[in-house]
1. Among the residues of the stretch 1-46, which ones are of a type in the set (S, T, N, Q) and open to solvent by 90 Å² or more (accessible area, probe 1.4 Å)?
2. Looking at the stretch 76-85 only, could you name the residues that are closer than 16 Å to THR32 by Cα and surrounded by 15 or more Cβ atoms within 10 Å (Cβ to Cβ)?
3. Can you tell me which residue within the stretch 122-172, out of those that are loosely packed, with under 11 Cβ neighbours inside 10 Å and among the acidic types (Asp, Glu), is farthest from GLN75 (Cα to Cα)?
4. Looking at the structure I just gave you, is VAL73 of a type outside the set (Gly, Ala, Ser), open to solvent by 40 Å² or more (accessible area, probe 1.4 Å) and closer than 17 Å to LEU131 by Cβ?
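The values are calculated or read from the model by the stated rules, or taken from the named source; none is laboratory data. Keep in mind the model is a prediction, meaning the values are calculated, not measured. Reconstructed Cβ throughout: ideal geometry from the backbone, glycine too, with neighbour counts over all protein chains shown. Please note that ligands, DNA and RNA were not included when accessible areas were found on the heavy atoms of the full protein model with its side chains. Shrake-Rupley method; radii C 1.70, N 1.55, O 1.52, S 1.80 Å.
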Amino acid sequence: SSDLYTVNLQVKDCDIATFFQEAGKKQVLSGTLKATVALTGTGGLPTIIGNGRAEIDNGQLTEIPVVNLLATVLQFDALHDLKFSECVVEFSISNNVMQTPVIRLTSPDIQITGKGSVALDTHALKHNLTLTLPKGALDRSPIEILNLFAEQPDGSLALNIKVTGTYDHPKT
């Protein structure tokens, strides 16, 4: 019989930039992390079952493929190296898939909300996101870009986006 392992992790006030540096990884994210994770398994990714919540405050996304793709397609530079006040992700893992029923990133000018899943073995993405920009944010954009957005009752502009492909090669 296989051994069962259990991981219960609580992280508070973790400087993500330092974490990436100490792990020898490319820094794609900065900010202060607060997280709760509970996982069980018997060995290898396919056996992991669990859930968690991560919140990053006062951070910045750098060179995230999905966000860079949106910035390029929408010709909206504020998405490059996006500074945010809060980013929240809630997730569950089972059957080699991470479900993310809550994704919420809030910055002074941009809000990204949504949900989706990531296949842990292939890194395949299946996300439905909504990008919301403040009124007037696209006033200097081409009409073709502006027409992609739906004006909301408060004057903000919203765009629903389906993200597929893989983490390194996303498609919208």
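1. If the condition is that a residue be of a type in the set (S, T, N, Q) and open to solvent by 90 Å² or more (accessible area, probe 1.4 Å), then SER1, ASN8, GLN10, GLN21 are the ones that fit.
2. Of all residues in the stretch 76-85, those closer than 16 Å to THR32 by Cα come to 82-85.
Result: LEU82, LYS83, PHE84.
3. Checking each candidate, the answer is ASP154.
4. yes
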